[in-house]
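The values are calculated or read from the model by the stated rules, or taken from the named source; none is laboratory data. What you are looking at is a predicted structure, and each value in this text was computed from that prediction instead of being measured. Using ideal geometry, Cβ is built from the backbone for each residue, glycine included, and neighbour counts are taken over all protein chains shown. What goes into the accessible areas is simple: the full protein's heavy atoms, side chains included, and nothing from ligands, DNA or RNA. Shrake-Rupley method; radii C 1.70, N 1.55, O 1.52, S 1.80 Å.
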Amino acid sequence: MGGKVSCTLGEVKNRADFVLYWGGNPAECHPRHFTKYALMPKGRFVPRGRKDRTMVLVDIRETKSVKAADIFLQIRPGKDFEALSILRALVKGQHVDEKQVAETGLTLEQLTDLVDRMKRAKFGVMFFGMGLSMTRGKHMNSASILTLAAELNAYTKFVAMPMRGHGNVTGADVVMRWTTGYPFGVNFSRGYPRYNPGEFSTVDLLVRGDVDAALILGADPGATMPQPAIDHLARIPTVVLDPKVTHTSRLARVHITTAVTGISAPGTGYRMDEIPLPLRPALRSPYPTDEDVVRRIHQAVAEKPDWMAAGGQTTTTQI
Amino acid sequence: MLRIVGGQVYDPAHGIDGVVQDVCIQDGRIVENVDAAPTIDASGMIVFPGGVDVHTHVAGGSINFARAMTPEDHRRTTAFIRSQTNRAGVGGMTPTTFATGYLYAGMGWTTVNEAAVPILSAKHTHEELRDIPIVDKSCCVLLANNEILLDLLEAGEMERAREVVAWQIWASKAYGVKAVNPGGVAAWKYGKNAEQLSEPVDGYHKVTPAKIVAGLAQIVDDLGLPHPLHLHCNNLGVPGNLTTTLETMQNLDGRRAHMAHLQYHAYGGDDWSTMRSEAPQLADYMNAHRNFTTDAGAVLFGDTVTITADGPWQHLLYKLTGRKWGNLDVENETGCGIVPYTYRPTNLVNAVQWAVGLELLLLIDDPWRVFLTTDHPNGACFWRYPEIIQLLMCRDFRRDCMAGQSDKALSRIHLPDIDREYTLYEIATITSAGPARALGLPRKGHLGVGADADVVIYDQDDDVARMFGHPRYVIKGGEIVIEDGDIRATPEGRGLLVRPPHDEQIEAFLRPLFEDYYTMSFDNYSVEMERIQQPEICDCIDTE
Amino acid sequence: MSAIRLTLKEQPGVPLETEVLSPDALADLAHDEIRSLPVQLGKRRRRLDDFFEIEGERSDEIEVHGDLSLLKWIGRGMSRGRLTIHGNVGMHLGAYMTGGSIEVHGDAGDWVGAEMGDGLISVHGNAGGQIGAAYRGSPTGMRGGTIVIDGSTGLEVGMRMKKGTIVIGDTAKDFAGLQMKGGNIVLLAGAELRTGAWMIRGTIISLKPIAMLPTFRLARSYNPEFLRLYARFLSGLGITLPCAADEGRYDLYSGDVSVPGKGEIFVWQPAEAAASR
Amino acid sequence: MSLTIVDNATCAFCGCVCDDIEVHADEHKIVAAKRACILGKAWFLNHTTDKHYPDALVDGRETTVDEAVQVAADLLDRADMPLVYGMSNITCEAQREAVALAERLGGVADSHTSL
Amino acid sequence: MKIGATHIEDTFAEAFPMRFARLIVTAADDHWLDMACREATGFATSVIGCDAEAGVEQLLSPDATPDGRPGAALLFFGFSSEPLGKALLARAGQCLLPCATTAVYDGLPDAEKRVPLGSHLRYFGDGYQKSKVIAGVRYWRIPVMDGEFLVEENAGVGEGVGGGNLILQGETQAQALAAARRAAEAIAELPGVIAPFPGGVVRAGSKVGSRYKQLSASTNDPYCPTLAGHVETKLHPAANCSYELVIDGITEAAIAHAMAGAVHAAAGELPAITAGNYGGKLGKFHFRLREVLGDSRSGE
């Protein structure tokens, strides 16, 4: 059933002689990814740094990252899943027709060459960005590249990793996993954690109008989400915790200003490879931290009658 | 304050074998006597010291990786519904942190040792340990594939290696040192393994798995760590690996070691089709060499998820099963592989594995040196321990379980010929007194004056699995936490650490290496003390 | 034994979980017991009669009237009886069901018949995604039974299904038959992209041309005998599957070779089109 | 005025979470962020200790954090199905509290990952 | 009793319990169906020397077959289900699988006892075989050079009757032969029975045992006209030639019905019709000719 085969960024630094970026523009979105982790640094087993590595970039357009690449494969928009499927087939020695490859905007020769290079690598890594994970196919696009990496381990060492953005979004996954068993989209309405992406994911919940209040923290959906989702946030009582008065704050009933994570609020943040790092604030904020405000809201809620006492879960089996 | 009266007390550390006597508790400790304390009438009940798990995987990057991989398992398990007392959670193969605490305490276990912590993500492990309520927690740091250490061993710099280990233990806020597939995980970073004890590890000239094991064991002894080297041998799970295991033990040459989950290391045969149990040979060796302790790593039939730092083994298992596979290599230190697995009685290999765990427990004659574990979640989930206790205590039950197995399977095992049945006293030894002693925790695993008041009281019941699965009371640190299956209180557990002394100059040696090898700043590497919940720094010992 | 008839009287403000709306839960209950059955409005526990006018008792036959778009888990795990819904219905309709039949005169949400074992679900309107699918992480979706959706459907129809039949009357969105392991999906009006992606085994039949993944390969055109049997089975559901040689042929595509899988997609080529190629 | 120098500060702007930044700050603002990339620099230097924004707003009216906390608690507790969303630009400690709150509220906890 | 000039001897046909299977074979057209039927039921006269006794039970019109193509129901009889199962596999595997366009279905869906069919034959597909469950029944699709050989997972086995028989005695060979053919054609029309010998007729009627120990059966000397001078003949004094009809049926009634039909078709000119038995010791089914003909006595 495929898998998820990854590593910490230091493994890439020390070992990777083949580095591929798919659907991302690290030069502009993760500027130090090349220099500190994946491409430029000299590593234990790649002593010449950049010279010891082959870099391949797959994207739909030429970005600034192209300059850093040895090979740039310009893929037709929305054809990532198809191209990854072909690669998986080629890795296993399956025949794919030249003309079937054409729709991806790439040639069979290019993809065969790529597979050869992957198999020849001593340690290969594939990073993928939102150009892959947020385009048509979404989670299946991510699953494709993760599975390709897993399957390549039959030939050589290979890993894959998402280029997570948004500061500590990785931390949210990690924390939710240990507290609830699930990485995101967790519903507690029956008193225990339930998970079903599409059902309990925020955009879906908002667009369908399934929630009747919202606490937004560490995000500004008012600036990023589809309009019907924003409209629903405006309809229901919304509470925003943010260092700034955001788009979302303007449509909310309550806004509380909080200290800035890492600048004036201490704590822990997770790197994209799930390595925890301490945040060392240099400034003292005039505002309370998110942690503090959430805890105070929790305390205030805890002083109210508990809804569970009136009966929460209605059956003994999970729904 | 609390007085437990009238119960039959089993306290192997003091040779007390079912004697009816009172147990008194004050300020979280066992005391001689208390005045006017609330009383638990334990007449007709059985009183044990709280269980101690010497080897489990309950917190950190690997288990958390596994949680995300198995939502289907979370759904099918009975959930923990939030109450005024407890947090919500799910149990199953990889319980959430809160559920882990409730499940352990719910069957009377009050101390657990998380057996595999990479330094790089030790902060994460401790964050999770903090969210495991009730039980006290220690952890072992993974060092047998740490490239800085391997380099030092390659250069023969043992003294410096010792200083580095001491620093690393404190940096990771660990309690002990764990070696997993020495050299093999480092080799796995290029898709290879270390199968021969005396051959150099891939990428090295002198360092062999044997040298890593001997070196680390020596360092652990030199540092006086209360828990000996916690060792997961090379060639885990491979038919014929008994040779490797025995060689490893001989190679230790009288040094202390805790041999983790020996079940996975006691196989004969040349391949999967000829695999057989070599538990008697290994048990004989254990019986004759008192420098070792071990835990069973017993297997029970059913679904679980295998999680180990043994990356090469997990890739093999993925290829064998075609199930999901997770792998997470940690720079310079270790790796981790995750594959869901189902042990089936009809599978010859699984049938042998099931028998081997029990055979080791039954054939190693000193219950103070072999402990009950399932290498949770690898052999089975920890909350199935009561089933294993039943298998150990009831020969007829064992026979019933073997009734359905093929002649071929039966010809590969020795269990049908073993008549031994564990006594309650011995069960108290392998679940509490023994592992506490092996961990070097003087206040755990017994009910003598001064011990932590971790006490479990069972209703006597002929159904052994039911009795051990549903204690009447569980008392942690003097507080009743479980009563009749209800969670009464969820106090925070303590974090158990050691602080072996080290030369402060070692940081000056490490810092530049670190900057070359790692991607994190050296100053951000160590786990801050504030992350440890109720820390308790345990003393190092004189191992001479 | 006349039907139990429920009529929605109040729209819930947030999704209402009503797994109790199933013959297994209702069939043996007296009227008052039915009225007091618990339902879950978000986090709050409410009574069934807070939302429904209820007539009848003790029946295996249940009729529900009203716009039930926010009602989830109706017919969950049902094993018997007949459930008829006059109106739209929300997610997880008939999930885990093992027998009996459900008929919806309206639209249905996502996860219709997810992981079902047996039984029949007919939806006379459109439905959402993940019809007959496996829930996240589960290795296997529907293991038997039949789902017929007259209208269009969302993503991932029949994801990881192992046995049984899904018929979609109008277009299915992307990833129909995703990771399919067996069983049949019949697409009467074709599908959008990536049909049969990661297919291991199983059969997808499309009566309209569809975009094929590059990892499916055209085998040949023929008129499979088993489809003649299958057509007969489908005709019992009121669905016509052409299979006579004089009407046309099926193009057989094999894949998904990225797995590599032994799945098959049959695309119908009516006689005149077949002749002109 | 003396500068505070934080060595090995961590940049929480993007997923790289580089932790080798040398941050120089006075009482009021960050004045330098050595080794940070262009995005990181902009992020570090964009913050001050000024109170640009009111402590809290309830229905557009400035108020105290205490009152806003109470109103927030009322609104969230009253809901049948509240949502706790975001959690990207906050610490793990805050995320932990947010999950606990969602659990107490009987609501949904979700992050950017679901997008 | 007499029918026309034919004397119906007051004796009985002795028959045995047998196991049987019914396969429905279809093909693209009548020609290939005919080929399939001939091959599948060939060399299947008597379990004395064949793996099964087989014949075409009846032809089926397209609307009566599972796949809507021309078909036939074939019956196979054996002494127990295990050898019968082997025979079915051999015949389906060697005669039907290779025969152009055929498909094979089970004709006894309600039988509890099942023997493997597609579940074994599938291995011919070398891993490319596929199975399909349609309306609760599993079929195997085995790729072959003209498409796919479709065969049901398994076949039902029923408890039937073997060894129903008639012996027709004629004044001349031509007379006996014509009567035998009429009788065989009458049987062929009927459901539930087959006459497994060539053309439904056997001239080598046999008795149990032989003077040669390697043989378990030998020629039925009392009915051989050329031996009338050597042995105690059982032929009618006017008879110079005899033919036997052997009938296997899915029920006792089906055989009785078939025997009656055969007698009526054959009788009229023949001197005599009798039946074979072994004194009642070997078979538990006894078809007394006069009882079998009971309800048609009015035709006397």
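Of the residues that make up the stretch B:326-344, is at least one assigned to a loop (DSSP other than H, G, I, E, B), out of contact with any His (no Cβ under 7 Å at 6 or more places or on another chain) and away from chain A (no Cβ under 13 Å)? Scanning the stretch B:326-344 turns up at least one residue that is assigned to a loop (DSSP other than H, G, I, E, B), out of contact with any His (no Cβ under 7 Å at 6 or more places or on another chain) and away from chain A (no Cβ under 13 Å). Starting from residues that are at pLDDT below 95, touching a Gly at 6+ places or on another chain (Cβ under 6 Å) and part of a loop (DSSP other than H, G, I, E, B), keep the ones in the stretch A:157-188 and report whichever is nearest to the other protein chains (Cβ to nearest Cβ). Out of the qualifying residues, it is A:Arg164. Could you list, in sequence order, all residues of the stretch D:100-115 that are in a strand (DSSP E or B) and under 15 Å from the mean Cα position of the chain (by Cα)? Result: D:Ser111, single match.
For the stretch C:165-220, taking the residues that are closer than 25 Å to C:Arg232 by Cα and basic (Lys, Arg), the one that is nearest to the other protein chains (Cβ to nearest Cβ) is identified as C:Arg201.
Can you tell me which residues in the stretch E:1-27 are in a loop (DSSP other than H, G, I, E, B) and open to solvent by 60 Å² or more (accessible area, probe 1.4 Å)? Listed by number, the list holds a single entry, E:Asp10. Of the residues D:Val58, D:Val69, the single one that is crowded, with 23+ Cβ neighbours inside 10 Å, of a type in the set (A, V, I, L, M, F, W, C) and without any contact (Cβ under 8 Å) to a residue 60 or more places away in the chain is D:Val69. Within 28 Å of B:Leu317 (Cβ to Cβ), open to solvent by 40 Å² or more (accessible area, probe 1.4 Å) and touching a residue at least 60 places away in the same chain (Cβ under 8 Å): does that describe B:Lys178? Against the criterion (within 28 Å of B:Leu317 (Cβ to Cβ), open to solvent by 40 Å² or more (accessible area, probe 1.4 Å) and touching a residue at least 60 places away in the same chain (Cβ under 8 Å)), B:Lys178 does not qualify.
Answer with yes or no whether B:Ala36 is among the small types (Gly, Ala, Ser) and open to solvent by 40 Å² or more (accessible area, probe 1.4 Å). Yes: the conditions hold for B:Ala36. With respect to the conditions (1) buried (at least 21 other Cβ atoms within 10 Å of the Cβ); (2) touching a residue at least 24 places away in the same chain (Cβ under 8 Å); (3) among the aromatic types (Phe, Trp, Tyr), E:Trp140 falls short on a single one, namely (2). Against the test of being open to solvent by less than 10 Å² (accessible area, probe 1.4 Å), within 13 Å of A:Thr180 (Cα to Cα), of a type outside the set (D, E, K, R) and touching a strand residue (DSSP E or B) at 6+ places or on another chain (Cβ under 6 Å), the options B:Val90, B:Val52, B:Val117, B:Val58 yield a single qualifying residue, B:Val90. Among the residues that make up the stretch C:109-125, is at least one of them out of contact with any Pro (no Cβ under 6 Å at 6 or more places or on another chain) and within 22 Å of A:Gly3 (Cβ to Cβ)? No, there is no match, as no residue in the stretch C:109-125 is out of contact with any Pro (no Cβ under 6 Å at 6 or more places or on another chain) and within 22 Å of A:Gly3 (Cβ to Cβ). The strands (runs of 3 or more DSSP E) found wholly in the stretch C:161-266 and carrying at least 2 residues that are crowded, with 19+ Cβ neighbours inside 10 Å occupy C:163-168, C:184-187, C:203-206, C:248-255. Quick one: in the stretch C:120-146, which of the residues that are over 30 Å from A:Tyr182 (Cα atoms) and not in a loop (DSSP other than H, G, I, E, B) is most open to solvent (accessible area, probe 1.4 Å)? For the stretch C:120-146, the residue satisfying everything is C:Leu120. A count restricted to the stretch E:33-74 and to residues that are touching a residue at least 40 places away in the same chain (Cβ under 8 Å) and assigned to a helix (DSSP H, G or I) stands at 5.
Just so you know, in the stretch A:275-299 the residues that are in a loop (DSSP other than H, G, I, E, B) and among the polar types (S, T, N, Q) include one that is modelled with the highest pLDDT, and it is A:Thr289. The residues in the stretch B:368-420 that are of a type outside the set (A, V, I, L, M) and open to solvent by 20 Å² or more (accessible area, probe 1.4 Å) can be counted, and the count is 23.
Can you tell me which residue within the stretch D:76-99, out of those that are open to solvent by 10 Å² or more (accessible area, probe 1.4 Å) and part of a helix (DSSP H, G or I), is farthest from A:Glu291 (Cα to Cα)? Once the filter is applied, the top-ranked residue is D:Arg78. In this structure, D:Tyr53 does not qualify as open to solvent by less than 30 Å² (accessible area, probe 1.4 Å) and facing another protein chain (nearest Cβ under 7 Å).
Considering the stretch E:241-300, the residues that are of a type in the set (Ser, Thr, Tyr), outside any loop (DSSP other than H, G, I, E, B) and more than 18 Å from E:Gln169 (Cβ to Cβ) include one that is most open to solvent (accessible area, probe 1.4 Å), namely E:Ser298. The condition (being in contact (Cβ under 8 Å) with a residue 12 or more places away in the chain and in contact with a Pro (Cβ under 7 Å, 6 or more places away or on another chain)) is satisfied by just one residue among E:Asp10, E:Asp30: E:Asp30. Residues of the stretch A:117-156 that are among the aromatic types (Phe, Trp, Tyr), open to solvent by 10 Å² or more (accessible area, probe 1.4 Å) and at the interface with another protein chain (Cβ under 8 Å from one of its Cβ atoms): none at all.
Screening A:Ala229 against (1) open to solvent by 20 Å² or more (accessible area, probe 1.4 Å); (2) over 30 Å from B:Thr77 (Cα atoms); (3) more than 9 Å from chain D (Cβ to nearest Cβ) leaves a single unmet condition, (1). Going residue by residue through the stretch B:125-132, is there one that turns out to be open to solvent by less than 10 Å² (accessible area, probe 1.4 Å), within 14 Å of chain A (Cβ to nearest Cβ), assigned to a helix (DSSP H, G or I) and among the acidic types (Asp, Glu)? Yes: the stretch B:125-132 contains one or more residues that are open to solvent by less than 10 Å² (accessible area, probe 1.4 Å), within 14 Å of chain A (Cβ to nearest Cβ), assigned to a helix (DSSP H, G or I) and among the acidic types (Asp, Glu).
Is it the case that the stretch E:221-239 has a residue that's open to solvent by less than 40 Å² (accessible area, probe 1.4 Å) and under 21 Å from the mean Cα position of the chain (by Cα)? Within the stretch E:221-239, not a single residue is open to solvent by less than 40 Å² (accessible area, probe 1.4 Å) and under 21 Å from the mean Cα position of the chain (by Cα). Selection over the stretch B:503-530 of residues that are under 27 Å from the mean Cα position of the chain (by Cα) and either open to solvent by less than 40 Å² (accessible area, probe 1.4 Å) or not acidic (Asp, Glu) (or both) gives a count of 4.
The condition (being modelled with pLDDT of 95 or more, among the hydrophobic types (A, V, I, L, M, F, W, C) and within 22 Å of A:Lys79 (Cα to Cα)) is satisfied by just one residue among C:Ala176, C:Ala189: C:Ala176.
Put simply, of A:Thr35, A:Thr8, A:Thr63 the only residue that is open to solvent by 10 Å² or more (accessible area, probe 1.4 Å), under 24 Å from the mean Cα position of the chain (by Cα) and within 13 Å of chain B (Cβ to nearest Cβ) is A:Thr35. Considering only residues that are of a type in the set (D, E, K, R), within 13 Å of chain C (Cβ to nearest Cβ) and not in a helix (DSSP H, G or I), which ones fall in the stretch A:68-116? Those that are of a type in the set (D, E, K, R), within 13 Å of chain C (Cβ to nearest Cβ) and not in a helix (DSSP H, G or I): A:Arg76, A:Lys79, A:Lys92, A:Asp97.
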